[in-house]
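What follows is one structure encoded as structure tokens, with my remarks underneath.
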Amino acid sequence: MRTIYQEQLQNLQKELNLMYDLCAQAIALNKESLHNLYQKKPTKKTSKKQSELLATSYKILSKLTEKEKSISESCELILLLQQPVAYDLGQITTTFRSVVDIKSIGELAQNNIKTLAKISKQYIPEALFTMAQVSCEMFAILQKELKTQNHAKEKSYKEDLYKKEKKLDLAFAQTQEHIAKKLSKTRQKAQVWLDVLIVAKQYEKIGDYIVHLGW
């Protein structure tokens, strides 16, 4: 019985790892979307590429939703049928929490791609690229730690994540300042700058979720 139980826990971890991989793809698509819009001479190909990225993001989010549901159901079954010991209960509880956060990151990434499609190249501040890059780096740090499970380096890994979060927060503040300066001159493009702010805020929230997953 214990062997079956251990297999269930291992399968649960495998499914969770697949969810992390899907989330990494969603964040990478977000970054690719931003760079696609910032080409020297945007063309019809740029628009087509953006549509393809958005379509892919929908597929990824759909898979994340399916994984969240199946993993949550598996957790509930294990809790009901196996009566796990304290250590395993901690793992299952963490998994429950993680799938919600991972799906939330996927939703934010997809929302950003949709919002970016409404923003022209000239309105994209440089700090937004920093936020896209740093969010990818933060998730890569998280995934590496989860795969290696090197507890001896746990403090170092959390420090790396914290430093990246500070960089993300700084880029967000720079974006806010950039928008404020533009709006002080004219309010004609207020909606566009609001969209830029929404994208930046969602990058910040992605960073928050990554830190939450890492802790």
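The residues in segment 160-215 that are in contact with a helix residue (DSSP H, G or I) (Cβ under 8 Å, 6 or more places away or on another chain), of a type in the set (A, V, I, L, M) and closer than 21 Å to Ala117 by Cβ can be counted, and the count is 9.
Asp208 - would you say it is under 26 Å from Leu142 (Cβ atoms), crowded, with 16+ Cβ neighbours inside 10 Å and either touching a Lys or Arg at 6+ places or on another chain (Cβ under 8 Å) or modelled with pLDDT of 95 or more (or both)? Answer is yes for this residue.
Say we look at segment 119-149 and pick out the residues that are more than 18 Å from the chain's Cα centre (by Cα) and within 21 Å of Met19 (Cα to Cα); which of these is modelled with the highest pLDDT? Checked segment 119-149; the qualifying residue modelled with the highest pLDDT is Thr148. Within segment 182-198, if we keep just the residues that are without any contact (Cβ under 8 Å) to a residue 24 or more places away in the chain and within 30 Å of Ile210 (Cα to Cα), the residue that is surrounded by the most Cβ atoms within 10 Å (Cβ to Cβ) turns out to be Leu197.
Only a single item in (1) out of contact with any Cys (no Cβ under 7 Å at 6 or more places or on another chain); (2) modelled with pLDDT of 90 or more; (3) within 22 Å of His212 (Cα to Cα) is not met by Ile102, and it is number (1).
Within the option set Glu137, Glu73, being surrounded by fewer than 21 Cβ atoms within 10 Å (Cβ to Cβ), charged (D, E, K, R) and without any contact (Cβ under 8 Å) to a residue 12 or more places away in the chain holds for one residue only, Glu73. The set of residues in segment 183-215 that are part of a helix (DSSP H, G or I) and over 25 Å from Lys166 (Cβ atoms) comprises Leu183, Ser184, Lys185, Ala190, Gln191, Val192, Leu194, Asp195. So in segment 159-181, with the set limited to residues that are free of Cβ contacts under 8 Å to residues at least 12 places away in the same chain and small (Gly, Ala, Ser), which one is surrounded by the most Cβ atoms within 10 Å (Cβ to Cβ)? Selected residue: Ala173. Is at least one residue of segment 57-74 over 19 Å from Ile105 (Cβ atoms), modelled with pLDDT of 90 or more and not in a loop (DSSP other than H, G, I, E, B)? Yes, segment 57-74 contains at least one residue that is over 19 Å from Ile105 (Cβ atoms), modelled with pLDDT of 90 or more and not in a loop (DSSP other than H, G, I, E, B). The residue list Glu66, Glu107 contains one member that is without any contact (Cβ under 8 Å) to a residue 24 or more places away in the chain and out of contact with any Gly (no Cβ under 7 Å at 6 or more places or on another chain), which is Glu66. Against the conditions (1) exposed (fewer than 15 other Cβ atoms within 10 Å of the Cβ); (2) in contact with a Leu (Cβ under 9 Å, 6 or more places away or on another chain); (3) acidic (Asp, Glu), Asp21 satisfies every one except (2). Gln83 satisfies every condition listed in (1) within 22 Å of the chain's Cα centre (by Cα); (2) free of Cβ contacts under 8 Å to residues at least 12 places away in the same chain except (1). Taking segment 19-56 as the range and being outside any helix (DSSP H, G or I) and over 20 Å from Gln133 (Cα atoms) as the test, the residues that pass are Lys41, Pro42, Thr43.
With the condition kept exactly as written, say whether any residue in segment 25-45 is within 17 Å of Glu7 (Cα to Cα), touching a helix residue (DSSP H, G or I) at 6+ places or on another chain (Cβ under 6 Å) and surrounded by 15 or more Cβ atoms within 10 Å (Cβ to Cβ). Checking segment 25-45: not a single residue is within 17 Å of Glu7 (Cα to Cα), touching a helix residue (DSSP H, G or I) at 6+ places or on another chain (Cβ under 6 Å) and surrounded by 15 or more Cβ atoms within 10 Å (Cβ to Cβ).
The values are calculated or read from the model by the stated rules, or taken from the named source; none is laboratory data. Fair warning: this is a prediction, and the values are worked out from it, not measured in the lab. Note that we place each Cβ from the backbone using ideal geometry, even for glycine, and neighbour counts take in every protein chain shown.
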